[in-house]
Structures are given as structure tokens and as C-alpha cells.
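**Q** Can you keep this structure in mind? I'll have questions shortly.
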Amino acid sequence: MNVVESTRLALESIWANRLRSFLTLLGVIIGIASIIATAAVINGLNLYVSEKLSNLGKGVFTVQRFALITNRQEFLDAVRRNKKLLPSDARAIAERCPTAETVAWETHAQVDLKVGVHEIRDTDIGGITPGILEIEPYDVEQGRVLLQHEEDRAAPVAFLGYDVKDRLFPNVDPIGKELRIKGHALQVVGVAQKKGSFLGFSQDNYVKIPFSLHRKLFGTRRSINISVKAADPARMGDTMDEVRAVMRARHHRRPAEPDSFGMLTAEGINDLWRDMTQTIFSVALFVVGISLVVGGIVIMNIMLVSVVERTREIGVRKAVGARQADITQQFLIEAVLLSCLGGAIGVAIAFVASALLNAYTPLPASFPAWAPATAFAICTLIGIFFGIHPARRAARLDPIEALRSE
């Protein structure tokens, strides 16, 4: 009996018991759909984060008070050890690091803004030096960006994120209009193009003002973030070493002591993000794997029931010359087909779910290209592993006793 004939008989058996077959496959369907949907969300997030980090440009890194912190103890140690970064630190880096092309800095504060009856809450007020706009360029929709002479004299000017313009100046040209921050009147000189949101959080709810003005409005005690662009992106490691040496000398760190500041690169953030998502996927895979095991056990039990129901058929086939290998092959193929059918339905559900998530939620889901092949490989293994026992049991039936079965 060839494989084609065994496959035909298996499909006929599955079709003859359609409802039972579908209920048998629920565990596999749920397991495969859940795994692929989770992978689609994580894949989409990874692509999104990589795209956003790539916008920082090559050869760019940031020096700030805290590095990437992954646990509570690291945070407590950093709070005790790390010092606030000052503009003098940034100037020292610019003077003493010959491989650094641009050094700029910024600081932040959160305030609520109101213009007439319109308001927007928790807006990020970023005090920047104009060099930031060279390192992290902002696409301008209206007006212009901040200029160096405005930083030099703490000019009361503001560059708005798209959401701030949209909420405070709807249907109005904001250029030249007045925006009050902490009671001070600022003139709007530009508006940035819309960036959109990330996981439901707006990336356009910000106002950029000169750093010198920010210190007047919010005080001088805030730590700054220092952005550095290497003259040669291929030698960014050398630039980072120079910056680290300057900062450790300024903070009086002994050779054996850890840094009292953090250095962040796009690659470092991306690697941390991927480690986090891989951990999440591993946990999800373990939890959802239980559903696949349950689905496999159900398939095995239903196949055992099928063996009992078809005992007489097996006896007749053996009586006319079917070998044990033929019986084993038929039931094993049926188990694999059952499992793969569940996998196909699961893949289809996951594909639709990822498309709906991408269209109607903040989650940037991206259906992974490897999903169908991986799903069918997993389902084939499940079918073989859980179908081998019923297949062997059917093959070992005594033909005389099988023919007596009613």
C-alpha cells in the first residue's frame, strides 16, 4: 500500500468524522495560533525599535547619569554612585576628545500647557543646544529649528512637536504665536513633522527650547544628557574610550571603581530589547507548549478510539494481505494529517490576528515569514510522536480476533 493510498484513506476518515476531528484539533489550533501571534507581535516590535534606533544615525552615542538598568539593585547602586552631569562635562568632552565631531546636550521637564481653551498635559519641555539638531535631526513641517544665537542669549522661542501644535493651535498657523511656559511668553518659530506613536504613547508631545532658557525656567539642578557624534562612525569605539576617560577623570574614579555615568548606543539598546523579547517569547513558548502537548494527547486518544471503531476493517485488510507496516503507515499518516490540519488553521488564525492587531491597535505586529514552515514541522512531529502508539496498536491486532469484532 503506497503513501498516496494511505493519505487518501486518512483524508476520507477525517472527513467522515468532521466534527470530532475539529474538536480533536482545538488544542493544536490554539497552541499554534498563540505561538505565531506572539511571534508576530514581537517581530513587529523588534522591527519598529530597530527602525526608530536607526534614525539616531551612525556613530552617535549618549552619555547620561544612568546606564541601562535591568534590576532594582542596579538602580539603587547607580543612585548612590552616579553624579548629575553638567554642561561643564559636555564642554570638557568637546575640548578633550579629538575624535568627536559634535557634542551637544539637553535636559527635560514635564509640564501642562494651555492656550486659550485648548490644553495638553504632560508635555516634555526639552532644553537643547542647537548641536542636538545635527545629531538627532528633526524634520520641519513649518517654520525653522532653533539657532545658536538664540541659545547664546536665552531667547524666548519654541519649536513644537506635532501634537502640541495640533492640540493648542488647531486650524491656525502657529508660527509667530505666543506660548506660555511657567508664566513666560515664548514665540513659536517652528513645528516638527509628525512621528506617530509607539505602543500608544505619543512621540510628538514635546516642545524644544534653548538650553539656556530652560535653566532660567526650571533651574540649574537637573542632570543633562550629552549626545556625541564620532567624526568617523567606524571608530566610534575610540571616541567612546576618549569620552569615558574624560568623564572618569572629572568624577575622580579610581581604576578599580565602576563608571559613575552611563553610555548608551543604539546597538546596546537594540540588543537589550531583543534579549527582553526573546525572554518573553521563551516564556510564552513554554506556556503555550502545554496546549500543544494537550492537543497531542487528545489526538492520541482519538486515534486509539478510531482503532477500536475500525478493528473489523483492520482484520479484513490483514486477511487480504496487508502487512503491519501498511497498517502502521495508514494510522500514522492520519495522525500527522490531523495535526497538520490543526496547524494550518492555527497559522490562518494567527495571520488574520496579526493583521487586525497591526490595523486596529498600537502593536506593530508583523507576520513572520518562517511561521508556516515552522508550524507544519512542529505539527508533523506532534503527529508522529502521539500517533505512533495508536498506529502500532492497530498493526499488532490479531486478524482472527479483529474479524470477530462487531
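Read-outs: derived from the displayed coordinates by stated rules, not from any lab. Here the structure is a predicted model, which is why all the values come from computation and not from measurement. Note that each Cβ is placed from the backbone with ideal geometry, even for glycine, and that neighbours are counted across all protein chains shown.
**Q** For the range 222-351, taking Cα atoms only, what is the radius of gyration to one decimal and the Dmax to the nearest whole Å?
**A** Expressed in Å, the Cα Rg and Dmax of the range 222-351 come to 31.0, 92.
**Q** May I ask you to order 356-367, 109-120 by the average number of other C-beta atoms within 10 Å around their residues, highest value first? Walk me through the intermediate numbers first.
**A** On the way: 356-367: 15.5, 109-120: 13.6.
Answer by packing, highest mean first, reads 356-367, 109-120.
**Q** In addition: Let's see if you can work this out: charge +1 on each Lys and Arg Cβ, -1 on each Asp and Glu Cβ, no other charges. What is the dipole magnitude of the range 137-202 about its Cα centre, in debye to the nearest 20?
**A** 200 debye
**Q** Right, here's the next one. Taking θ = phi - 60°, what integer Hz values does the Karplus form 6.51 cos²θ - 1.76 cosθ + 1.60 yield along the range 180-193, in sequence order, with x for Gly and Pro?
**A** 9, 10, 6, x, 9, 8, 10, 9, 6, 10, x, 9, 7, 5
**Q** I'd like to know which of 149, 105, 22 lies farthest towards the positive end of the charge dipole of the chain, counting +1 on Cβ of Lys and Arg and -1 on Cβ of Asp and Glu.
**A** It is 105.
**Q** Find the Cα radius of gyration of the chain, compare it with 2.2 N^0.38 Å by division, and give the number to two decimals.
**A** Normalised Rg, Cα atoms only: 1.50.
**Q** Per the helix-only calculation at 222 nm, which mean residue ellipticity applies to the chain, given -39500 (n - 2.57) for every DSSP H run of n ≥ 4 and division by its residues, nearest 500 deg cm²/dmol?
**A** Computed ellipticity for the chain at 222 nm equals -18500 deg cm²/dmol.
**Q** For a bin width of 10 Å, list the pair-distance distribution of the range 55-108 built from all Cα-Cα distances, rounded to whole %.
**A** 19, 42, 32, 7
**Q** Using r as the Cβ-Cβ distance of residue 180 and residue 254, and R0 as 60 Å, what FRET efficiency do you calculate, to the nearest 0.05?
**A** 0.80
**Q** Points 7 angstrom from Cα along the Cβ direction at residue 297 and residue 110: gap in nanometres?
**A** Rounded to a tenth, the inter-label distance reads 4.7 nm.
**Q** Another question, if that's okay. Given Cβ point charges of +1 (Lys, Arg) and -1 (Asp, Glu) and nothing else, what value in debye, to the nearest 20, does the dipole of the range 83-260 about its Cα centre take? If you can, show how the numbers build up before the last one.
**A** Values: 27 positive and 26 negative charges, 156 e Å.
Roughly 740 debye for the range 83-260.
**Q** Can you pull the one-decimal nm distance between simple spin-label points at residue 16 and residue 234, each 7 Å off the Cα toward Cβ?
**A** The two pseudo-label positions are separated by 7.1 nm.
**Q** Let me ask something else about it. For the range 83-260, what is the relative contact order in percent, using Cα pairs closer than 8 Å and at least 6 residues apart in sequence? If you can, show how the numbers build up before the last one.
**A** Numbers: 324 pairs, mean separation 56.2, N = 178.
The normalised contact order for the range 83-260 reaches 32 percent.
**Q** Of all DSSP beta bridges located in the range 83-260, what percent are antiparallel, nearest 5?
**A** Just about 75 percent of them are antiparallel.
**Q** When ranked by the protection proxy of mean other Cβ atoms within 10 Å per residue, highest first, what sequence do the peptides 149-161, 337-349 form?
**A** The packing order, highest mean first, is 337-349, 149-161.
**Q** Once Lys and Arg get +1 and Asp and Glu get -1 on their Cβ, which of 356, 379, 211 lies farthest toward the positive end of the dipole of the chain?
**A** About the Cα centre, the residue reaching furthest to the positive side is 211.
**Q** Another question about this same structure. Show the residues, 5+ positions off or on another chain, whose built amide H is closer than 5 Å to the amide H of residue 186.
**A** Under 5 Å from the amide H of residue 186: 179, 180, 181.
**Q** Could the peptides 133-144, 275-286 be put in order, highest first, of the mean number of other beta-carbon atoms found within 10 Å of their residues? List each step's numbers first, then the result.
**A** Working: 133-144: 15.2, 275-286: 13.0.
Descending packing order for the listed peptides: 133-144, 275-286.
**Q** How big is the dipole moment of the chain about its Cα centre under a simple scheme where the beta carbon of each Lys and Arg is +1, that of each Asp and Glu is -1, and everything else is neutral? Debye, nearest 20, please.
**A** Computed charge dipole of the chain: roughly 860 debye.
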